[in-house]
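Report on the following structure.
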Amino acid sequence: MKPSHQKLSQSLSILFGVIPFAFGLVRAVRTGDDLRYVWVAFGALVGATIALAITRAQRMASVGLGLTAFTLATLLATAVALLLGTQFGPGVLVVTSGCGGCLAASCVLYARAHPRSI
């Protein structure tokens, strides 16, 4: 991959990784004290990080990394939301799958920018 493509992938990886936290911070500022979205984003980040570690160990392709990261990030984000007292429903699934999708995209873009580390 050309260095310019690596830089673009790296930049997009950071952008996608920041999006869930940005939404969480916007919600916290708007409500004054509701940090639940930040905690949910952190749970998704932990899930995506675990997926990245699994992928490194098994040398999975980008599709495998994306699916694994999305699944683990969404599951851990949902678990955090439920632990924070949120009632399970469509709203929780929309928020947690959004966080999971952003962090899965971030993982795939990171893997493209750093092919030797994955």
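Any read-out appearing in this document is the output of simple, stated calculations on the displayed coordinates, not a laboratory observation. Treat the numbers as computed from the prediction; the structure is a model and nothing was measured. Every residue, glycine as well, gets a Cβ built from its backbone with ideal geometry; the counts of neighbours run over all protein chains shown.
Structure notes:
- Residues (farther than 16 Å from L84 by Cβ, surrounded by 15 or more Cβ atoms within 10 Å (Cβ to Cβ), touching a helix residue (DSSP H, G or I) at 6+ places or on another chain (Cβ under 7 Å) and not β-branched (V, I, T)) located in segment 1-20: S9, Q10, L12, S13, F16, G17
- Residue within segment 35-57 that is touching a residue at least 24 places away in the same chain (Cβ under 8 Å), closer than 19 Å to P115 by Cβ, charged (D, E, K, R) and not in a helix (DSSP H, G or I) present: no
- Within segment 93-118, the residues that satisfy the criterion of being within 15 Å of L35 (Cα to Cα) and either over 11 Å from the mean Cα position of the chain (by Cα) or in contact (Cβ under 8 Å) with a residue 60 or more places away in the chain (or both) are V95, C99.
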